[in-house]
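The values are calculated or read from the model by the stated rules, or taken from the named source; none is laboratory data. What you see is a predicted model; the values in this text were computed from it and never measured. Cβ placement follows ideal geometry from the backbone for every residue including glycine, while neighbour counts extend to all protein chains displayed. Side chains included, ligands, DNA and RNA excluded: accessible areas come from the protein's heavy atoms. Shrake-Rupley method; radii C 1.70, N 1.55, O 1.52, S 1.80 Å.
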Amino acid sequence: MYSRASPFSSRIKSRHPLTKPGSTKKAFHIVVDIYGAHLPFKVGDSIGIAPSNDPEEVEKILSLLKVQEETVFDSRGQIEIPFRDFLLYKANLARANSSFFKLLLENEAPRHSFAHFLEPENKKQLHEFLQSHSVLELLAIAPLPPAEIARTAMPLLPRFYSIANSPKMFPGEIHLTVGYVEYQQNGKVRRGIGSHFLCDLAIPGITPVPLYVQPSHHFTLPEDKDAPLIFVGPGTGIAPFRAFLQERLTTQARGRNWLFFGERNRATDFYYEDFWTELAAQGRLRFTTAFSRDSAEKTYVQHKMYEERKSLWEWLQEGAYFYVCGDAEEMAKDVEGMLQKIAREEGRLSDEDARLYIKKLKTDKRYLVDVY
């Protein structure tokens with residue numbers, strides 16, 4: 001059984017952009033080859049991927065520290081490891097913790113310029129400083145010995161992605177919908193470790209992609225194949241619903257399906273458009289879209305839910321399961337708030353009864369959420 005401690009060494013089979021030229025963002029469809037591996041998964045599961053850091057960043061650190069062949073002790077793996085490999089595979093180079101920073105200040109000559117961050121009243125400023133500075137930038141303040149870096153560096157943790165295919169339709173493969181993270185900070189381009197690895201650094205067919213299945217014990221299809229399903233998946237939150245619908249097709253499930261999808265622009269950001277429109281043409285899918293940048297007033301999935309409130313409420317009264325996948329900070333809360341509003345208006349419920357209605361949907365496992 002593969003796990004975080006012992007992942008399967010897969011390879012990327014294919015990779016192509018989901019966004020079109022002119023888009024304000026980038027997203028990719030990535031197919032990972034697991035042919036021949038005993039790696040069972042079901043729709044709704046995720047995979048954990050152990051990414052590698054950018055080799056250019058690693059070489060800059062080695063050059064800065066003027067070391068090449070050092071060996072360090074990896075306390076988490078309880079092994080001796082070349083320092084270069086530690087930086088590539090074990091250390092979070094995007095940011096450091098306060099322990100690393102304190103150790104760094106002990107080795108810094110003009111200590112007064114940064115020591116104020118360690119004052120108790122400056123915890124927030126310290127957090128913001130560490131969030132906005134990479135390990136390379138911190139080491140430029142005061143180089144540390146490799147052994148101390150190995151002792152205090154934050155670990156490079158797995159990145160999790162919803163599986164975007166059904167094993168029944170695509171055996172031997174795992175499909176991913178990966179949003180590319182890239183932004184400016186301190187005048188420099190920053191990239192997400194996981195998306196940079198999968199979309200840029202990993203060479204299809206060559207670079208090992210260590211992964212393991214992270215099972216979902218709740219976010220999956222109901223046993224009743226006749227049950228109607230409502231999916232709300234803005235952006236890359238669409239991934240598991242592509243898998244769900246593939247599964248329903250291969251098992252000849254008769255239940256109705258309704259998808260709410262949102263992104264910025266229809267012309268450039270309509271992920272898997274051909275798949276959805278084909279299913280709609282076959283009468284197997286109802287889909288409602290919200291493209292926030294295509295109109296003067298931004299429209300999101302929760303606004304489309306309200307526009308469709310009468311039908312949506314009817315589906316729920318007929319036993320529909322309600323699924324949400326995507327951003328936890330705002331989207332999921334806004335969607336739940338809108339569903340409560342619909343329950344109040346269409347179900348003529350009080351505020352408290354509407355809240356209890358949503359709670360019962362969750363208790364009955366008809367309101368299922370996978371957010372990040």
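May I ask you to list the residues in the stretch 174-223 that are part of a helix (DSSP H, G or I) and open to solvent by less than 20 Å² (accessible area, probe 1.4 Å)?
Gly194, Ser195, Phe197, Leu198, Cys199
Please work out which residue is farthest from Ala267 (Cα to Cα), limiting yourself to the stretch 1-28 and to residues that are among the β-branched types (Val, Ile, Thr) and surrounded by 16 or more Cβ atoms within 10 Å (Cβ to Cβ).
My answer is Ile12.
Could you tell me whether any residue of the stretch 69-78 is small (Gly, Ala, Ser), open to solvent by less than 80 Å² (accessible area, probe 1.4 Å), free of Cβ contacts under 8 Å to residues at least 60 places away in the same chain and under 30 Å from Thr236 (Cβ atoms)?
Within the stretch 69-78, not a single residue is small (Gly, Ala, Ser), open to solvent by less than 80 Å² (accessible area, probe 1.4 Å), free of Cβ contacts under 8 Å to residues at least 60 places away in the same chain and under 30 Å from Thr236 (Cβ atoms).
What helices (runs of 4 or more DSSP H) lie completely within the stretch 254-372 and have 1 or more residues being within 27 Å of His218 (Cα to Cα) and open to solvent by 40 Å² or more (accessible area, probe 1.4 Å)?
273-281, 301-307, 309-317, 331-346, 351-363
What about Ser99, is it of a type in the set (Gly, Ala, Ser), over 22 Å from Gln68 (Cα atoms) and at pLDDT 90 or above?
Yes; evaluated as a whole, the condition is true for this residue.
Scanning for something surrounded by fewer than 19 Cβ atoms within 10 Å (Cβ to Cβ) and farther than 21 Å from Gln317 by Cα, does the stretch 227-250 turn up at least one residue?
Yes, that holds for at least one residue.
Filter the stretch 217-268 down to the residues that are more than 23 Å from Phe28 (Cβ to Cβ) and basic (Lys, Arg), then identify the one that is farthest from the chain's Cα centre (by Cα).
The residue in question is Arg254.
Which of the residues spanning the stretch 7-60 are modelled with pLDDT of 95 or more and among the hydroxyl-bearing types (Ser, Thr, Tyr)?
Ser9, Ser10, Ser14, Thr19, Ser23, Thr24, Ser46, Ser52
Anything in the stretch 273-299 that is without any contact (Cβ under 8 Å) to a residue 60 or more places away in the chain, farther than 17 Å from Arg256 by Cβ and of a type in the set (D, E, K, R)? List them, or say none.
Glu273, Asp274, Asp294, Glu297, Lys298
Hey, can you tell me all the residues within the stretch 1-40 that are part of a loop (DSSP other than H, G, I, E, B), touching a Pro at 6+ places or on another chain (Cβ under 6 Å) and within 23 Å of Gln246 (Cα to Cα)?
Those that are part of a loop (DSSP other than H, G, I, E, B), touching a Pro at 6+ places or on another chain (Cβ under 6 Å) and within 23 Å of Gln246 (Cα to Cα): none in the stretch 1-40.
Taking interchain pairs and intrachain pairs at least six residues apart, which have beta carbon atoms under 8 angstrom, with the first residue in the stretch 300-315 and closer than 21 Å to Gly255 by Cβ and the second open to solvent by 70 Å² or more (accessible area, probe 1.4 Å) and outside any helix (DSSP H, G or I)?
Trp315/Arg256
Could you figure out which of (1) closer than 23 Å to His175 by Cα; (2) in a strand (DSSP E or B) isn't true of Ile81?
So the condition that Ile81 fails would be (1).
Can you find even one residue in the stretch 105-120 that is open to solvent by 20 Å² or more (accessible area, probe 1.4 Å), within 31 Å of the chain's Cα centre (by Cα) and among the charged types (D, E, K, R)?
Within the stretch 105-120 (the criterion being open to solvent by 20 Å² or more (accessible area, probe 1.4 Å), within 31 Å of the chain's Cα centre (by Cα) and among the charged types (D, E, K, R)), the answer is no, since none of the residues qualifies.
Looking at the stretch 29-53, which of the residues that are open to solvent by 40 Å² or more (accessible area, probe 1.4 Å) and under 19 Å from the mean Cα position of the chain (by Cα) is nearest to Val181 (Cα to Cα)?
Result: Ala50.
Please determine whether any residue of the stretch 91-108 is in contact with a strand residue (DSSP E or B) (Cβ under 9 Å, 6 or more places away or on another chain) and either free of Cβ contacts under 8 Å to residues at least 40 places away in the same chain or not in a loop (DSSP other than H, G, I, E, B) (or both).
yes
Quick grid of which residues meet (1) under 26 Å from the mean Cα position of the chain (by Cα); (2) part of a strand (DSSP E or B):
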{"residue": "Val58", "(1), (2)": "yes, no"}
{"residue": "Val72", "(1), (2)": "no, yes"}
{"residue": "Lys123", "(1), (2)": "no, no"}
{"residue": "Glu148", "(1), (2)": "no, no"}
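I'd like to know if the stretch 136-145 contains one or more residues that are open to solvent by less than 40 Å² (accessible area, probe 1.4 Å), among the β-branched types (Val, Ile, Thr) and in contact (Cβ under 8 Å) with a residue 24 or more places away in the chain.
no
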